Amino acid sequence: MANSETNTIEELGISKEYQYGFHDDVKPTFKSRKGLDEEVINQMCDIKEEPDWMREYRLNAYRIFKQKPMTKWGGDLSQLDFDDIYYYVKASDRSERSWDDVPDDIKKTFDRLGIPEAERKFLAGVGAQYDSEVVYHNIVEELDKIGVIFLDTDTALKEYPDLVKKYFGTIIPSADNQFAALNSAVWSGGSFVYVPPGVKVEYPLQAYFRINSENMGQFERTLIIADEGSQVHYVEGCTAPTYSSESLHSAVVEIVCMKGSRVRYTTIQNWANNVYNLVTKRAFAYEDAQMEWVDGNLGSKLTMKYPSVYMMEPGARGDILSIAFASKGQHQDAGAKVYHCAPHTTSQITSKSISKDGGRSSYRGWVDVAKGAKGCKSHVVCDALILDKDSRSDTYPVIEIGENDTNIEHEARVSKIGEEQLFYLMSRGLSEEEASTMIVNGFIEPLVKELPMEYAVEMNRLIQLQMEGSVG
Amino acid sequence: MSRDLVIKDLHISVQGKPIIKGLNLTVKQGEIHALMGPNGSGKSTLANGLMGHPLYDIDSGEVIFSGIDILELEPNDRAKLGLFLAFQYPTAIPGVSLANFLRLAVSAVRAKEGNGSGNDRLIPMREFRRELREKMKQLGIDDSFARRYLNDGFSGGEKKRAEILQLAMLEPQIAILDETDSGLDIDAIRVVGESVSQLIGPELGVLIITHYPRLLDYIRPQFVHILLDGKIVESGGWELTQMLEAEGYDPIREKYGIIEA
Ligand SMILES: Nc1ncnc2c1ncn2[C@@H]1O[C@H](COP(=O)(O)OP(=O)(O)OP(=O)(O)O)[C@@H](O)[C@H]1O
Ligand SMILES: [Mg+2]
């Protein structure tokens, strides 16, 4: 398994000094002015040479966005200034396919993010979002051979316009919420994945995202379609450089799990402390399909993210695992939503949060069972670990049941790091910091072991960075 | 330098209640001492206090180990000096594998004075694995335990064996075994007894806390002490264990005028 003792961080030789707060001097080739209006959107469509329907889609979404009041629930968004953001930045003229074509300074960034390493380990396609545009996208031949499409969404719109048009915005309509509307208006990049019927992709498809321009919003748009009986695991890891002014990341991820398919979507995010991370993620799971979200949220100033699964037909299953780590000045408002729209559907939500140095984590969950959806099962477990008295954890579970014949369980636990555990580890020579880091890593281990190996390693590594200097 | 453990007029209280009331004891490297005493007499309190448990308040006295007073030291610094406690009730750490934990612990303790921390001082994986596997085999611990979460779901006896595995890996100079024999089946007592006696040599001093002489059959103490109401009231040799076995604590209680609380 991913997290046996054979693969601790140390063995992979990742240096202690490895930090994410770097940024380099890639010059964007185009940058819209700050703020958003129809002209900016039109300009963007012109540069991207998008079809008319997408231009209409964007403009319509923009109008919806303008009408929506500022989101009042969740976290504090009062510092977020929509006029102080660049909505479109293009780093280089075209998407690159081969590593050799990638400019040197971009390669350097990739190096520090460990992408070549990843490429060696998994013979999978590596898509990396650099500023708003994907500049490097490498699809291995195997994917082509089995008919799997794995492209950045802009390219997919050009190469597979009908397929994109058929599903785009069908899972998350523009009017869904303020940030979905904003994303629909200004989206750029993200991944498009189509897996044909019966095809099982053996290795995780990976995409690395990164914000590089100051004040630049990132609005990726990801669309995954798993056709009948197919299987795919999509992984994204985000790291961001540290800047002082506010930054907005607002992605939309739509997933269609057709009959009997199985999709897992894994995210590890470690945004800089000034980033607003407001993401809408939703999947529709049809008959006997299974959708799993694995979501790790570290960093950012405020994260609001509640991956959801709509179980549309009997036998569908939704699993959501979420880990949140809130440190100083951070609010992780994370959770999960499951909608049992059909009988005999099953869901499981596991949420683990850690709050430290005055950080705040909230679990916001929604379990909905539609009238007539008999024989549904849902199991929710929320564990919160609070490391000091300045930190905070809340849970806001909502359960809406329109059907008596259901089985819903909700467990919530809040714990502090046990004095006995600390003492036990310290009596074996571990410093207080090492001991508490070890306890925290143990706390999230049930989720971390679900991650692909190198992401598990990165997760432990990030926890260690978060814990450094925290005690003593 | 001598690594002896010297306890002078030690007073320990728990939640304001005095438990250890003026205890004197010296355990030299290479010596084996047994500490016996009725339930609640303060044996574990002494052990925890020596190791630096934050709930156990040292009211007065001195504990000199390796020539320095360790009472101001953090538990991890005591461990690095070479003090070890096998717990009566080992704590479970869910999610942390025995192997990952032990590698960090062994690295920390062997680094001694090194200021390096965390990953910089980790002992090489291969070396660690070989040593761990060998010692697990000696203790009759199945390989799969390396990957199991520390003490989590371990049976009583498995926990005790894991404590001795840690003792064997950490190679302390003074080890306190707090009822390591309780919860062990007869075969396990033999395995643990033989393993500990193999570790014993001029480098290791041991303080064995126990209620039963069985473990002591494998690890013969040169000194036996009886703790009653927070003080060592009798010290002697093997004959004391025989006396307790035959007569229990009543004659001693009577002799020292201590009525069971
Ligand atoms: N953590 C604690 N909290 C409260 N009371 C404690 C604690 N530890 C010890 N005590 C009390 O101190 C006294 C001595 O306990 P201790 O555990 O040291 O006895 P012991 O000699 O080890 O007994 P046993 O043979 O049963 O293990 C008891 O009255 C016990 O209840
Ligand atoms: Mg005891």
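Would you check if A:Glu434 is among the acidic types (Asp, Glu), closer than 27 Å to A:Gln206 by Cα, outside the structural domain of A:Lys328 (by TED's automatic domain parsing) and not in a loop (DSSP other than H, G, I, E, B)? When the stated conditions are applied, A:Glu434 does not pass them.
Does B:Asp152 satisfy the criteria of being in contact with a helix residue (DSSP H, G or I) (Cβ under 7 Å, 6 or more places away or on another chain) and either surrounded by 21 or more Cβ atoms within 10 Å (Cβ to Cβ) or at the interface with chain A (Cβ under 10 Å from one of its Cβ atoms) (or both)?
The answer is no for B:Asp152.
With respect to the conditions (1) touching a residue at least 12 places away in the same chain (Cβ under 8 Å); (2) assigned to a loop (DSSP other than H, G, I, E, B); (3) charged (D, E, K, R), A:Asp333 falls short on a single one, namely (2).
Listed by first and then second residue, the pairs with beta-carbon distance under 6 Å, at least 6 apart or on different chains, first residue in the range B:121-136 and within 12 Å of B:Met169 (Cβ to Cβ), second loosely packed, with under 15 Cβ neighbours inside 10 Å and among the small types (Gly, Ala, Ser), form an empty list.
On inspection, A:Ala251 passes the criterion of being modelled with pLDDT of 80 or more, open to solvent by less than 30 Å² (accessible area, probe 1.4 Å) and either within 21 Å of A:Gly318 (Cβ to Cβ) or small (Gly, Ala, Ser) (or both). Restricted to the range B:1-118, the set of helices (runs of 4 or more DSSP H) holding at least 2 residues that are in contact with a Lys or Arg (Cβ under 7 Å, 6 or more places away or on another chain) and either away from ligand 2 (no atom under 16 Å from the Cβ) or more than 14 Å from chain A (Cβ to nearest Cβ) (or both) comprises B:75-81, B:98-111. Please indicate, with yes or no, whether at least one residue in the range B:116-137 is out of contact with any helix residue (DSSP H, G or I) (no Cβ under 6 Å at 6 or more places or on another chain), closer than 24 Å to B:Leu50 by Cα and buried (at least 21 other Cβ atoms within 10 Å of the Cβ). The answer is no, given that none of the residues of the range B:116-137 is out of contact with any helix residue (DSSP H, G or I) (no Cβ under 6 Å at 6 or more places or on another chain), closer than 24 Å to B:Leu50 by Cα and buried (at least 21 other Cβ atoms within 10 Å of the Cβ). Scanning the range B:205-219 for residues that are under 24 Å from B:Thr45 (Cα atoms), more than 16 Å from ligand 2 (Cβ to nearest atom) and open to solvent by 10 Å² or more (accessible area, probe 1.4 Å) turns up B:Pro213, B:Arg214. For the range A:140-182, the tally of residues that are open to solvent by 60 Å² or more (accessible area, probe 1.4 Å) and over 22 Å from the mean Cα position of the chain (by Cα) stands at 11. Filtering the range B:236-246 for residues that are open to solvent by 10 Å² or more (accessible area, probe 1.4 Å) and in a loop (DSSP other than H, G, I, E, B) leaves a non-empty set. Residues that are within 16 Å of ligand 1 (Cβ to nearest atom) and not hydrophobic (A, V, I, L, M, F, W, C) within the range B:155-210 comprise B:Gly156, B:Lys159, B:Lys160, B:Glu163, B:Asp178, B:Glu179, B:Thr180, B:Asp181, B:Ser182, B:Gly183, B:Thr210, listed in sequence order. State whether one or more residues within the range A:288-296 are open to solvent by less than 10 Å² (accessible area, probe 1.4 Å), part of a strand (DSSP E or B) and farther than 26 Å from A:Asp76 by Cα. Checked the range A:288-296: at least one residue is open to solvent by less than 10 Å² (accessible area, probe 1.4 Å), part of a strand (DSSP E or B) and farther than 26 Å from A:Asp76 by Cα.
Residue by residue, here is whether (1) open to solvent by 30 Å² or more (accessible area, probe 1.4 Å); (2) at the interface with chain B (Cβ under 7 Å from one of its Cβ atoms) holds:
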residue: A:Thr395; (1), (2): yes, no
residue: A:Ile401; (1), (2): yes, no
residue: A:Asn407; (1), (2): yes, no
residue: A:Lys416; (1), (2): yes, no
residue: A:Glu419; (1), (2): yes, yes
residue: A:Arg428; (1), (2): no, yes
residue: A:Ser436; (1), (2): no, no
residue: A:Gly442; (1), (2): no, yes
residue: A:Met453; (1), (2): yes, no
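The values are calculated or read from the model by the stated rules, or taken from the named source; none is laboratory data. Keep in mind that this is a model prediction, so the values were computed, not measured. Because the Cβ atoms are built from the backbone with ideal geometry, glycine has one as well, and the counts that use them run over all protein chains shown. Accessible surface areas use protein heavy atoms only, side chains included; no ligands, DNA or RNA. Shrake-Rupley method; radii C 1.70, N 1.55, O 1.52, S 1.80 Å.
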